[in-house]
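**Student:** I'd like to ask some things about the structure below.
The values are calculated or read from the model by the stated rules, or taken from the named source; none is laboratory data. As the structure is a computational prediction, the values presented were derived from the model and not from experiment. Cβ placement follows ideal geometry from the backbone for every residue including glycine, while neighbour counts extend to all protein chains displayed. These area figures cover heavy atoms from the full protein model, side chains too; ligands, DNA and RNA do not enter into them. Shrake-Rupley method; radii C 1.70, N 1.55, O 1.52, S 1.80 Å.
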Amino acid sequence: MTGSPGLKKSPLHERHVALGAKFAEFGGWEMPLEYSGVVAEHTAVRTSVGVFDVSHLGKATVKGPGAAAYVNACLSNDLGKITPGQAQYTLCCNERGGVVDDLIAYLHADDDVFLIPNAANTAEVVRLLEADAPDGVVVKNTHDDYAILAVQGTNSDDVVAAIGLPTGHDYMSFAVADFAGTPVVVCRTGYTGERGYELVVPNAAAVGVFDALLMAGEQYGIVPAGLGARDTLRTEMGYPLHGQDISPDITPVQARSGWAVGWKKEHFWGDTALRAEKEAGPARILRGLLAVGRGIPRPHMSVSDSSGTALGEVTSGTFSPSLKKGIALALLDATVKEGDQVTVDIRGRQETFAVVKPPFVTVNVREG
């Protein structure tokens with residue numbers, strides 16, 4: 001198997017090599033950055049369907065009597081608002097309210113929760129949950145046991161159904177189905193804003209599922225898509241990326257992710273700091289920026305007002321293939337409001353941007 005030494009590899013690595021993928025390091029994994037090009041892959045997802053290998057994402061189980069209640073007492077969102085067969089976006093926060101990680105919790109039963117953290121943060125999330133786990137609750141890192149395939153786009157239902165897996169269930173719900181004798185979790189989730197599914201597949205079945213998806217999707221023009229297109233797609237939606245838009249130093253209150261916090265819960269990690277910040281109001285807020293001209297923003301570029309006073313910096317920035325303009329998420333002084341204009345220092349040029357509320361594009365992720 002080819003690849004960079006020292007980096008973990010997806011069970012689909014050889015398939016990606018054969019498809020001509022260009023690779024990059026993501027959270028200690030060597031993963032496909034692009035195949036046919038970021039814009040082409042982005043466009044395929046927005047107009048038809050693409051399939052991403054996101055097997056670098058973490059996997060962990062929390063099992064035992066009271067497992068769901070324990071997870072609920074640790075992570076930010078209110079797991080009590082969902083029922084078995086549903087998934088929930090949630091946050092693992094530190095005592096300062098900063099975000100250690102953002103993750104998806106799959107509620108299988110009161111005694112069985114499956115977590116999908118980010119690749120680089122999996123070990124730390126597992127360590128934190130293990131450290132406080134009550135007797136009888138077992139936390140296990142299963143990072144290397146499963147592949148994850150994201151089928152995203154208008155025609156995702158047709159492709160997933162064509163390989164015999166269930167479709168049409170509600171957004172953020174999942175079903176466990178059989179593929180060639182192997183159980184596969186099919187969840188109506190994704191990171192692109194388009195209608196789609198994420199398939200959690202035991203490693204041994206990953207190649208079979210991937211090949212079947214590509215074959216079934218041929219008539220729809222399916223393309224394998226890399227993490228470059230995943231980044232432009234999620235930025236168009238204003239979805240945060242851990243390590244940039246949220247981090248141990250950027251709280252959900254600052255990142256406008258308070259909707260993922262169960263404010264009515266008695267306790268969760270970081271609750272004291274977050275409640276205080278919410279009450280006082282954050283000093284900085286994550287805003288959307290849309291280019292007025294031709295400037296393409298990138299992370300860490302400085303943002304100022306028209307007089308040159310510093311307001312903050314870009315956290316995520318890219319060229320939007322859908323809008324043909326530069327877009328960004330930026331952590332700015334709380335005095336900056338939607339409708340304002342700011343300037344971004346792009347390699348010494350002061351480019352004008354409008355402050356807007358993401359998403360930058362309109363999609364129908366919850367339809368059906």
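**Student:** Could you tell me whether the range 234-248 includes any residue that is free of Cβ contacts under 8 Å to residues at least 60 places away in the same chain and of a type in the set (V, I, T)?
**Tutor:** The answer is no; no qualifying residue exists.
**Student:** Regarding L107, is this residue without any contact (Cβ under 8 Å) to a residue 60 or more places away in the chain, surrounded by 22 or more Cβ atoms within 10 Å (Cβ to Cβ) and under 16 Å from the mean Cα position of the chain (by Cα)?
**Tutor:** Answer is no for this residue.
**Student:** Which condition does K59 not pass, out of (1) among the charged types (D, E, K, R); (2) closer than 30 Å to D157 by Cβ; (3) open to solvent by 40 Å² or more (accessible area, probe 1.4 Å), if it passes all the others?
**Tutor:** Single failed check for K59: (3).
**Student:** Can I ask one more? Looking at the range 55-84, which of its residues are over 20 Å from the mean Cα position of the chain (by Cα) and among the charged types (D, E, K, R)?
**Tutor:** K63, K81
**Student:** When only residues in the range 140-153 that are within 24 Å of T61 (Cβ to Cβ) and buried (at least 17 other Cβ atoms within 10 Å of the Cβ) count, which is nearest to the chain's Cα centre (by Cα)?
**Tutor:** The residue in question is A150.
**Student:** Limited to the range 299-313, what total is found for residues that are open to solvent by less than 50 Å² (accessible area, probe 1.4 Å), under 10 Å from T343 (Cα atoms) and part of a strand (DSSP E or B)?
**Tutor:** Adding up the residues that qualify gives 3.
**Student:** Oh, and also: Among the helices (runs of 4 or more DSSP H) contained in the range 154-254, which hold 2 or more residues that are touching a Ser or Thr at 6+ places or on another chain (Cβ under 9 Å) and either modelled with pLDDT under 95 or open to solvent by 30 Å² or more (accessible area, probe 1.4 Å) (or both)?
**Tutor:** Output list reads 156-162, 227-237.
**Student:** Looking at the range 334-348, is at least one residue in contact (Cβ under 8 Å) with a residue 40 or more places away in the chain, closer than 30 Å to V45 by Cβ and open to solvent by 30 Å² or more (accessible area, probe 1.4 Å)?
**Tutor:** For the range 334-348, residues in contact (Cβ under 8 Å) with a residue 40 or more places away in the chain, closer than 30 Å to V45 by Cβ and open to solvent by 30 Å² or more (accessible area, probe 1.4 Å): present.
**Student:** Condition check: more than 19 Å from L199 (Cα to Cα) and within 17 Å of the chain's Cα centre (by Cα). Does F52 satisfy that?
**Tutor:** In short, no.
**Student:** Consider only pairs whose beta carbons are under 6 Å apart and that are at least six residues apart or on different chains; among these, list those whose first residue lies in the range 121-148 and is under 30 Å from V160 (Cα atoms) and whose second residue is of a type in the set (K, R).
**Tutor:** From the range 121-148, the pairs are T142/K59; H143/K59; Y146/K59.
**Student:** Counting only residues that are within 24 Å of E194 (Cα to Cα) and at pLDDT 95 or above, give me the strands (runs of 3 or more DSSP E) lying completely in the range 315-368 with at least 3 of them.
**Tutor:** 325-333
**Student:** OK, next. Please count how many residues of the range 83-96 are touching a residue at least 60 places away in the same chain (Cβ under 8 Å) and farther than 21 Å from H242 by Cα.
**Tutor:** Residues meeting the conditions: 2.
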